[in-house]
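The values are calculated or read from the model by the stated rules, or taken from the named source; none is laboratory data. Please read all numbers here as calculations on a predicted model, not as lab measurements. As a convention, Cβ positions derive from the backbone with ideal geometry for all residues, glycine included, and neighbour counts pool all protein chains shown.
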Amino acid sequence: MGADPRVMAYFPALLSREQSVAFIAKIEERFESNGFSFWALERKSDGAFVGFTGLNRPNFAAPFMPCVEVGWRLAFDHWGQGYATEAAQASLSYAFDDLGVSEVVAFTATGNERSRKVMERLGMAYDPTGDCDHPNVPDGHILKRHVLYRIQCHSH
């Protein structure tokens with residue numbers, strides 16, 4: 001999935017197998033340190049691997065830090081079937097109902113309309129005051145500028 005240019009179109013580079021393995025190790029470490037991270041996403045009907053979704057505490061410098069983010073990445077063959085929205089909604093419910101988080105954010109490169117549409121379907125609101133240049137994206141890169149979406153827990 002990390003080596004598919006369609007999936008990684010809004011990331012600065014494709015991932016090698018070694019980088020993908022390191023990413024999975026980082027996810028596992030975050031489960032240990034935060035009690036949550038990204039979960040593997042499987043299709044209910046047959047258990048096929050679809051991608052991942054879940055929650056994260058990003059640790060780069062941005063005006064909206066510290067925060068909890070909801071995120072997802074799906075294999076191309078599973079796009080457009082509602083899996084990202086369904087899984088991200090379950091992640092938001094977990095954040096609000098089980099973790100007691102009061103707000104969750106999501107961010108992406110400005111031009112990533114597919115992810116922005118998922119954020120909007122989740123009820124997240126675009127917050128232009130949170131737009132920023134992602135410090136982990138090289139200067140001058142077309143994906144440097146990121147947009148921020150927020151959603152608050154309505155029961156807190």
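When only residues in the stretch 32-46 that are of a type in the set (G, A, S) and in a loop (DSSP other than H, G, I, E, B) count, which is nearest to N112 (Cα to Cα)? It would help to see each step written out before you state the result.
Here is the first cut: in the stretch 32-46, the ones of a type in the set (G, A, S) are 33, 35, 37, 40, 45.
Those still in the list that are in a loop (DSSP other than H, G, I, E, B) too: 35, 37, 45.
On the way: G35: 29, S37: 22, S45: 29 Å.
Only one residue fits best here, namely S37.
Of everything in the stretch 14-31, what is surrounded by 12 or more Cβ atoms within 10 Å (Cβ to Cβ) and not in a helix (DSSP H, G or I)? Give them in sequence order.
Passing the criteria: L14, L15.
With the structure loaded, tell me whether G51 is within 19 Å of V101 (Cα to Cα), in contact (Cβ under 8 Å) with a residue 24 or more places away in the chain, among the small types (G, A, S) and touching a strand residue (DSSP E or B) at 6+ places or on another chain (Cβ under 8 Å) or whether it fails that test.
Taking the combined requirement at face value, the residue does not satisfy it.
Among the residues of the stretch 113-151, write down those that are in contact (Cβ under 8 Å) with a residue 40 or more places away in the chain and farther than 19 Å from A62 by Cα.
Of everything in the stretch 113-151, those that are in contact (Cβ under 8 Å) with a residue 40 or more places away in the chain and farther than 19 Å from A62 by Cα turn out to be S115, V118, L122.
Give V101, V68, V7, V50 a once-over and let me know the one that is more than 16 Å from the chain's Cα centre (by Cα) and either among the charged types (D, E, K, R) or at pLDDT 95 or above (or both). Can you show your working first?
Numbers: V68 fails: more than 16 Å from the chain's Cα centre (by Cα); V7 fails: more than 16 Å from the chain's Cα centre (by Cα); V50 fails: more than 16 Å from the chain's Cα centre (by Cα).
From the options V101, V68, V7, V50, the qualifying one is V101.
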